[in-house]
Amino acid sequence: MEIVLTNTPEEATELVASLILDCLGEKPDLVLGLATGSTPIGVYRRLVEAYRRGEADFFQVRTFNLDEYLDLPAEHPQSYRSFMWRHLFDHINIPRENVHFPPSEGANLLRRCEDYDKAIAGAGGIDIQLLGIGSNGHIGFNEPTSSLRSRTRIKTLTEKTLSDNSRFYKEGEIQPGLAVTMGIGTILDARQILLQAFGSKKAEALRAAVEGPVSSICPGSALQLHPRATLFLDPEAASLLRLREYYRRTRQNEEALRRQGRL
Ligand code: GLP
């Protein structure tokens with residue numbers, strides 16, 4: 001795991017967006033794994049701005065979203081499909097057929113979840129997987145105790161996740177209690193993982209994910225098994241990490257080697 005300690009969420013957002021745009025420059029048919037939630041919104045804004053400036057072309061890009069609420073209609077403002085169109089897809093030139101979400105409505109869900117993993121593999125696998133993390137350590141909707149090798153499937157949401165996300169639902173409105181999510185194994189198949197986490201509410205999850213044991217009780221800790229996972233943290237999210245100084249020095253050393261053209 002590479003830990004990038006930034007001074008602000010904006011700085012983290014800038015770094016992640018630049019990384020994605022650089023990769024897009026090198027590989028126009030980039031395959032992106034995308035996340036929802038408040039954390040990646042700034043990255044999507046920067047991608048849209050780059051497109052508007054003529055600096056990014058999404059025509060050949062293919063996307064696979066991490067998760068979606070079971071049975072929440074696409075047009076519901078809290079569905080992850082409407083989120084993605086609102087924040088990104090409506091504002092760039094990605095063809096509709098290049099955009100993919102896990103199956104979350106209708107029948108044959110198990111088979112269609114398998115098809116989703118196959119579609120990802122068929123696209124050549126995910127080049128960059130963008131991630132946030134839940135305050136209970138979940139990635140996607142892989143709640144604590146999710147199998148570390150799980151594939152796309154249905155998950156029951158924990159009380160913690162339901163209460164964290166209840167702010168998005170009007171009083172009396174039914175909040176979905178189930179979701180379909182890429183599995184932890186699916187996520188770990190991505191060639192590169194970029195996770196962002198901001199604010200003190202994420203500090204405990206980050207402590208467990210980065211410096212705790214690899215354990216399904218903190219799904220984010222599975223990223224320790226990935227050869228190219230980078231975590232971009234603001235000072236509050238990083239506040240409980242014991243090895244902060246070491247992460248800083250590691251980053252400085254890497255930047256120095258990069259400047260010398262040795263990487
Ligand atoms: C949801 C999503 C996750 C996301 C998490 C954190 O539960 N399923 O993919 O990482 O929320 O959301 P936020 O970025 O709003 O803190």
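The values are calculated or read from the model by the stated rules, or taken from the named source; none is laboratory data. Since the structure is predicted, the reported quantities are computational estimates derived from the model, not experimental observations. Note: ideal-geometry Cβ built from the backbone for every residue, glycine included; neighbour counts use all protein chains shown. The accessibility values were calculated without ligands, DNA or RNA, using every heavy atom of the protein model including side chains. Shrake-Rupley method; radii C 1.70, N 1.55, O 1.52, S 1.80 Å.
Charged side chains reduced to their Cβ positions (Lys and Arg at +1, Asp and Glu at -1) give the stretch 92-230 a dipole of some 160 debye around its Cα centre. Toward the positive end of the charge dipole of the stretch 7-193, with +1 on the Cβ of Lys and Arg and -1 on the Cβ of Asp and Glu, the farthest Cα among Phe89, Gly124, Leu110 is that of Leu110. Counting protein heavy atoms only, the stretch 7-193 has 52 percent of its accessible area on carbon and sulfur, 1.4 angstrom probe. Once the 1.4 Å probe is applied to the protein heavy atoms, the chain comes out at 48 Å² accessible per residue. Within the stretch 7-193, DSSP assigns beta bridges of which about 45% are antiparallel (rounded to the nearest 5). Using the average count of surrounding beta-carbon atoms within 10 Å as a protection proxy, the listed peptides 108-119, 163-174, 125-136 rank, highest first, as 125-136, 108-119, 163-174. The separation of the stretch 161-235 from the stretch 1-72, counted between C-alpha centres, amounts to 17 Å.
Taking a ≥ b ≥ c as the square roots of the Cα gyration tensor eigenvalues, the stretch 65-158 comes out rounded, since a/c falls below 1.5. Each residue of the stretch 95-112 is assigned a 3J(HN,Hα), and the resulting list reads x, 3, 6, 8, 9, 10, 10, x, x, 9, 9, x, 9, 6, 5, 4, 5, 5 Hz, derived from the Karplus form 6.51 cos²θ - 1.76 cosθ + 1.60 (θ = phi - 60°), x at Gly and Pro.
What net charge do the residues around Arg62 carry, taking every other residue with its C-beta under 10 Å from that of Arg62, with Lys and Arg at +1 and Asp and Glu at -1? Its environment carries a net charge of -3. Projecting the Cα atoms of Leu21, Leu66, Gly54 onto the dipole axis of the stretch 1-80, where Lys and Arg carry +1 and Asp and Glu carry -1 at the beta carbon, places Gly54 farthest toward the positive end. For the stretch 1-100, trypsin sites (Lys or Arg not before Pro) are listed when DSSP marks them as loop and at most 12 other Cβ atoms sit within 10 Å of their Cβ; the list is Arg53. If the chain linking Thr8 and Gln78 were pulled fully straight, counting 0.36 nm for each residue of separation and taking away their Cα-Cα distance, it would gain 22.5 nm.
Between Asp90 and Asp71, the simple spin-label model (points 7 angstrom out along Cα→Cβ) gives 2.7 nm. Around the Cα centre of the chain, unit charges on the Cβ atoms of Lys, Arg, Asp and Glu (plus for the first two, minus for the last two) sum to a dipole of about 540 debye. Please give me the summed charge of the neighbours of Gly42: other residues whose Cβ is under 10 Å from its Cβ, Lys and Arg +1, Asp and Glu -1. So the surrounding residues net to 0. Can you tell me how the stretch 111-263 classifies by the Cα gyration tensor, rounded, prolate or oblate, using a/c under 1.5 as the rounded cut? Oblate, since a/c reaches 1.5 and b/c is not below a/b. Distant-in-sequence amide contacts of Glu2, defined by a placed amide H-H separation under 5 Å and a gap of 5 or more residues or a different chain, comprise Ala229, Thr230, Leu231. Counted by Cβ distance under 13 Å from Lys201, the other residues give a net charge of 0, where Lys and Arg count +1 and Asp and Glu count -1.
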